[in-house]
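The values are calculated or read from the model by the stated rules, or taken from the named source; none is laboratory data. Treat the numbers as computed from the prediction; the structure is a model and nothing was measured. Heads up, the Cβs are rebuilt from the backbone with ideal geometry, glycines too, and the neighbour counts pull from every protein chain shown.
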Amino acid sequence: MTALVLVLVCLPLSGTVAALTGARARDCGYAAVAGAVGAFVLAVADLVRVTRSGSFTTVGGFVYVDELSAFFLFTVALVVLLSSLAAAAYLQVEEQRRALTPFQIRLFFVFFGLFATLMLASLSTGNLGMLFVLIEASTLSSAALVGLEAKSASLEAAWKYVIISSLGVTVALVGTLFIFYSATGLNLTSNLGLTWPYLYAHAAQLSHSSLRLGFLLAVVGYGTKVGLAPMHTWLPDAHSEAPSPASAMLSAALLNTGMYAIIRFLALARVGLGPTYPQNVMLVFGFLSVVIGVLFMVRRGNVKRLFAYSSVEHMGIIAIALGFGGTLGLYGALLHTLTHAVGKTVLFLTSGDVVLSQHTREAAQVRGLLTSQPVTGAVLLLGSLAILGSPPFGLFLSELTIVRAGFATGSWALPAALLVLLVIAFIAFARTTTGMALGEPTPATAPYQGATKVLAALPLLAGMTVLLLLGLWIPSGLDTAILTSIGAVT
């Protein structure tokens, strides 16, 4: 089992190796796709095995996979696969247009694979110190993708991303140290004092004051990676300036990795402090994020920034679900993690097609995509409805479950407020994307030809199919995986 996890984590480096050997964009892209396919297959196998047989740990807890981490490994591996397919087509076009130099293309694939591997590795460790190291390393690797175009705006976004995210993760490190300090009375070795399964098993014996502060700092620190307000300020710039396949990875994989870390600390705090304090913390940050995301979505402008603020909103929704708690709240949070990841991947990849064909990121300058680019326009329109929680797509079920969890707490005010915010988000977001899809088409060029056209359409159609299936039917295996993931942290 250890070998399976190690291979799973390392497979995305296939594109990195191809780039380091000097391969062209086409070969690097195909290598990245091959690695992503292998990683996804192993992630599915890992999820099935752990769901049936339970967690496993080795190397003193440095390698640890339980039901929760297996679920997140599956989610992130799916995003990596969809993004790799799109990157293989996107970078070929950028190479043909000479928009990026051969060095920039190789740099993209080097850090794209490294970024994916570091995220998968962070989900495969039970050591909270190693979790910090891997998430910080993912920041540095993904910063190169944000600043890849080497324009003033992209370089500024990359620096802002590095500074704010590194500061946030440093705060998370301080929170981790307070958690370690809270366990000093347990007479554990230094390694066990940072190993999540042991801490969780002894959470009721942890020092309350240190645990309380450690949890709050961890939420603030890793919340910076997640994009929870008010620590979200790096996110719109980074998502809007990175190449679209990298934006999909940032929004649908990196944010989920940060949320995974928060869930680990939340589980410790719930057992050690009781549910009230940690759930209230999540509700505060969750509602603040939804409000900020919705307010900025009202503004029209850069379409990728619109999608970025939608990510802030949806991370807030997941935080609210964790705050509502209970089986319904946790089920809704995990289901929403998966559905949002797929939906936002589709939208960011669609934005890449729009940028290549329309040569602009401004929504007001794009019209009639359904006429000029039928596949892209249809996916943009349907993907927008999906991400806004419209039936029959998967986000409708996850958001409905979260609202039900809110009413199940016995309070109507908070779930009612969430419903109002979701209605405002629907109007603001749909106003922009429907305007891009409908109307008289603006002049456009066909970015893809031949095989690359099929390659570019494949992740869009596959993602929309997944969203539709999850809205109509949740497979029993996935349902079991989510329920066992809940059991791992309750």
- Quick one: PHE407 ticks every box in (1) without any contact (Cβ under 8 Å) to a residue 24 or more places away in the chain; (2) over 24 Å from THR337 (Cβ atoms); (3) part of a helix (DSSP H, G or I) except a single one, so which number is it? (2)
- Which residue out of PHE56, PHE109, PHE74, PHE103 is of a type in the set (Phe, Trp, Tyr) and in contact with a Cys (Cβ under 6 Å, 6 or more places away or on another chain)? PHE109
- Item | the stretch 178-199, subset part of a helix (DSSP H, G or I) and surrounded by fewer than 17 Cβ atoms within 10 Å (Cβ to Cβ), residue modelled with the highest pLDDT | PRO197
- Note on the structure: Filtering the stretch 372-393 down to residues that are touching a helix residue (DSSP H, G or I) at 6+ places or on another chain (Cβ under 7 Å) and touching a residue at least 60 places away in the same chain (Cβ under 8 Å) yields GLN373, VAL375, THR376, GLY377, VAL379, LEU382, GLY383, ALA386, ILE387, PRO391, PRO392, PHE393
- Does THR170 meet the test of being of a type in the set (Ser, Thr, Tyr) and in contact with a Pro (Cβ under 9 Å, 6 or more places away or on another chain)? no
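Could you check the stretch 356-396 and list, in sequence order, the residues that are polar (S, T, N, Q) and either buried (at least 22 other Cβ atoms within 10 Å of the Cβ) or touching an Asp or Glu at 6+ places or on another chain (Cβ under 6 Å) (or both)?
Correct list: GLN358, GLN373, THR376, SER384.
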- Task: Would you check which residues across the stretch 325-365 are at pLDDT 90 or above and not in a helix (DSSP H, G or I) and list them?
- Result: GLY325
- Task: Return a yes/no flag: does the stretch 147-155 have any residue that is buried (at least 24 other Cβ atoms within 10 Å of the Cβ) and in contact with a Ser or Thr (Cβ under 8 Å, 6 or more places away or on another chain).
- Result: no
- Message: Can you go through LEU483, LEU400, LEU419 and tell me which one is under 16 Å from HIS340 (Cα atoms) and either of a type in the set (A, V, I, L, M) or surrounded by fewer than 21 Cβ atoms within 10 Å (Cβ to Cβ) (or both)?
- Response: LEU400
- Apart from one, (1) within 22 Å of the chain's Cα centre (by Cα); (2) hydrophobic (A, V, I, L, M, F, W, C); (3) within 21 Å of ALA86 (Cα to Cα) all hold for LEU370; the odd one out is (1)
- Provide a single number: the residues in the stretch 120-158 that are hydrophobic (A, V, I, L, M, F, W, C), closer than 22 Å to VAL63 by Cα and touching a residue at least 60 places away in the same chain (Cβ under 8 Å). 7
- Working carefully through the options ALA143, ALA121, ALA137, ALA172, find the one that is under 20 Å from HIS239 (Cα atoms), modelled with pLDDT of 90 or more and crowded, with 19+ Cβ neighbours inside 10 Å. ALA143
- Note on the structure: In the stretch 453-479, residues that are surrounded by 16 or more Cβ atoms within 10 Å (Cβ to Cβ) and either touching a Ser or Thr at 6+ places or on another chain (Cβ under 7 Å) or of a type in the set (Ser, Thr, Tyr) (or both) total 4
- Residue list for the stretch 424-451, restricted to those being in contact with a Lys or Arg (Cβ under 7 Å, 6 or more places away or on another chain) and assigned to a loop (DSSP other than H, G, I, E, B): GLY439, GLU440, PRO441, THR442
- Item | Lone unmet requirement of (1) without any contact (Cβ under 8 Å) to a residue 40 or more places away in the chain; (2) part of a loop (DSSP other than H, G, I, E, B); (3) among the hydroxyl-bearing types (Ser, Thr, Tyr) for SER166 | (2)
- Task: Of all residues in the stretch 366-383, count the ones that are assigned to a helix (DSSP H, G or I), touching a Gly at 6+ places or on another chain (Cβ under 9 Å) and not polar (S, T, N, Q).
- Result: 5
- Can you find even one residue in the stretch 266-274 that is under 22 Å from the mean Cα position of the chain (by Cα), over 22 Å from ALA157 (Cβ atoms) and in a helix (DSSP H, G or I)? yes
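Residue by residue, here is whether (1) of a type in the set (Gly, Ala, Ser); (2) over 30 Å from ILE320 (Cα atoms) holds:
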site: GLN373; (1), (2): no, yes
site: LEU382; (1), (2): no, no
site: ILE402; (1), (2): no, no
site: LEU419; (1), (2): no, no
site: GLY435; (1), (2): yes, yes
site: PRO443; (1), (2): no, yes
- Among the residues of the stretch 219-236, is there at least one that is at pLDDT 95 or above and surrounded by fewer than 24 Cβ atoms within 10 Å (Cβ to Cβ)? yes
- Note on the structure: Output for Cβ contacts, cut-off 6 Å, separation at least six or different chains, first residue without any contact (Cβ under 8 Å) to a residue 60 or more places away in the chain in the stretch 319-346, second hydrophobic (A, V, I, L, M, F, W, C) and surrounded by fewer than 24 Cβ atoms within 10 Å (Cβ to Cβ), reads GLY323/LEU283
- Note on the structure: For the stretch 94-119, pairs from a residue that is over 19 Å from PHE132 (Cα atoms) to a residue that is hydrophobic (A, V, I, L, M, F, W, C) and not in a helix (DSSP H, G or I), with Cβ under 8 Å and 6 or more apart or across chains, are GLU94/LEU100; LEU100/LEU148; GLN104/LEU148; GLN104/ALA150; ARG106/ALA23; LEU107/LEU148; PHE108/LEU100; PHE108/LEU148
- The residue from GLY377, GLY394 that alone is of a type in the set (Gly, Ala, Ser), under 19 Å from VAL346 (Cβ atoms) and at pLDDT below 95 is GLY377
